Amino acid sequence: MTTDHTYRREIVKVGKMLHQRRYIAATDGNLSVRLDEDRVLVTPTGMSKGAMKTADMVIVDMDGRQIKGRRTVTSEIGMHLLIYRMRPDVRAVVHAHPRTATGFAAAGIALNQPLVCEVVIGLGQIPLAPYGTPGTPELAETLRPLIPDYDAILMANHGVVTYGADLMCAYMKMETVEHFAEITLVTRMLGQQQPLDCTNLEKLVEARSRYLGVNSAAPMPVFSENAEVSSMHMQTSTRNKPQRSNLRPRETASLLGN
Ligand SMILES: [Zn+2]
């Protein structure tokens, strides 16, 4: 059985990885793990996530009340708790400011073009949530409509949040988002994008169930510019709500200036 201390060590390790990859600067970012139904282990505010010790983390209840730890909990705890409340399958959350993806978020551009097959399989698309003031309930509310459908979200003029079945899984999604942002940037520099068409998207979504790394409960709908909104979703999911996000094909096309 995994102990509290094992999770603390894992948060220390992933915090270092985020810092080494320059996904966070200074005291940016926050990470958490859901210990059980009532408790969340989370990083403190005001310290580098690359230099944490296991004793620095705090434990809060599902209402955000601190029940353990001498440091002060991250001001973004509301965002973590909202994700855990809306997604019982999620056991870990990572928030960071990786430069390329945050650049897209600061430019108001979602990473919603199906340009790379692995991203379609693992994340669908990465939508852009509207801006919300950090450290206030407003920030979490901007994410609310997107949390059920996606495992990675760009936060306008701010950064990225990813979440998954464990901390390493949530961290890997952060790497995928930043890598995909870099690739998308290259296509924009080349002045050309060739999104996957609907037929190939269907095949990729069907393939999700065969990939071990994809164990999300989110439907992760994908859209193709040259077709109707697809009803593609995880085969294991019974939900199908692709229309809820603000990322319809026509808007997607307009974002690209087409
Ligand atoms: Zn942030």
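Computed from the coordinates by the stated procedures, all read-outs in this text should not be read as laboratory data. All figures in this text were calculated on a predicted structure; none of them were measured in a lab. Positions of Cβ are generated from backbone atoms using ideal geometry, with glycine treated the same way; all protein chains shown enter the neighbour counts.
With an a/c value of 1.5 or above and a/b not larger than b/c for the gyration tensor axes a ≥ b ≥ c computed over the alpha-carbon atoms, the range 126-226 is described as oblate.
So for TYR211, TYR84, TYR131, TYR163, fewest C-beta neighbours within 10 Å to most, what's the order? All intermediate terms of the calculation are to be shown ahead of the outcome.
Details: TYR211 12, TYR84 20, TYR131 16, TYR163 30.
Ordered by Cβ neighbours within 10 Å, fewest first: TYR211, TYR131, TYR84, TYR163.
In loop segments of the range 63-163 as defined by DSSP, the trypsin sites (Lys or Arg not before Pro) with at most 15 further C-beta atoms inside 10 Å of their C-beta are ARG65, ARG70. Approximating the spin labels as points 7 Å out from Cα along Cα→Cβ, the THR27-to-THR72 distance works out to 0.8 nm. The residue among GLN20, VAL160, SER32 whose Cα reaches farthest toward the positive pole of the charge dipole of the range 4-190, with charges on the beta-carbon of Lys, Arg, Asp and Glu, is GLN20. As a rough footprinting exposure proxy, the listed residues HIS95, HIS19, HIS5 were ranked by other beta carbons within 10 Å of their own, and the order from fewest upward is HIS5, HIS19, HIS95. Length gained on full extension, ASP61 to THR133, computed as 0.36 nm times the residue gap minus the Cα-Cα distance: 23.6 nm. In a reduced charge model with +1 at each Lys and Arg Cβ and -1 at each Asp and Glu Cβ, the range 4-190 shows a dipole moment near 620 debye about its Cα centre.
Let me know the shape class of the range 4-190, please: from the alpha-carbon gyration tensor, a ≥ b ≥ c as square roots of the eigenvalues, rounded when a/c is under 1.5, otherwise prolate if a/b is greater than b/c, or oblate. Verdict is prolate for the range 4-190. Rounded to the nearest 20, the size of the Cβ-charge dipole of the range 137-216 about its Cα centre is 160 debye, with Lys and Arg at +1 and Asp and Glu at -1. Determine the distance separating the Cα centre of the range 1-46 from the Cα centre of the range 92-126; give it in Å without decimals. That distance is 21 Å.
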